[in-house]
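Everything on this sheet refers to the single structure shown next.
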Amino acid sequence: MADSRQQKLADLIVNYSIKVQPGESIFILGEPVSLPLIIEMSKAVVMAGGFPEPLVDIPEVGESILRYGSREQILAPSVFAQAMAEKADACIY
């Protein structure tokens with residue numbers, strides 16, 4: 001069962017902060033701990049007529065890049081996140 005506080009926060013973010021309109025593509029990024037809120041925001045985006053594009057970031061992957069990666073790998077921007085940010089009508093981080 002969904003937490004009513006998360007539902008209210010998702011509604012506040014989607015319908016008041018970014019005012020999702022029908023047809024808009026909304027990029028939602030969070031860490032695994034925020035998965036319940038990502039789900040509620042995705043539902044709110046759908047109910048507002050938008051298209052949610054959720055992405056769960058895994059912190060350990062970033063840590064591995066920092067620990068074992070070359071300078072080039074560390075400085076390289078995420079191609080996926082960059083493309084999503086350019087194409088999305090709004091981003092929620």
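The values are calculated or read from the model by the stated rules, or taken from the named source; none is laboratory data. The model shown is predicted, which means the values in this text are computed figures rather than measured ones. Note that we place each Cβ from the backbone using ideal geometry, even for glycine, and neighbour counts take in every protein chain shown. Quick note on the areas: whole protein, heavy atoms, side chains included, nothing else; ligands and nucleic acids left out. Shrake-Rupley method; radii C 1.70, N 1.55, O 1.52, S 1.80 Å.
Couple of notes before you dig in:
- Difference of contour (0.36 nm per residue) and Cα-Cα distance, Tyr16 to Ser64: 13.6 nm
- Environment charge at Ile65 (Cβ cut-off 13 Å; Lys +1, Arg +1, Asp -1, Glu -1): -2
- Whole-Å distance, taken between Cα centres, linking segment 1-41 and segment 60-93: 22
- The slack in the chain from Asp3 to Val33, taken as 0.36 nm per residue of separation less the alpha-carbon distance, amounts to 9.4 nm.
- Ellipticity at 222 nm from helices only: DSSP H runs of n ≥ 4 in the chain, each -39500 (n - 2.57), divided by the residue count, give -13500 deg cm²/dmol.
- Whole-percent carbon and sulfur share, accessible surface of the chain, 1.4 Å: 59
- Summarised in one figure, the compactness ratio Rg/Rh of the chain, Cα atoms and Kirkwood Rh, is 1.06.
- Accessible heavy-atom area order of Met47, Met41, Met84, highest first, probe of 1.4 Å: Met47, Met84, Met41
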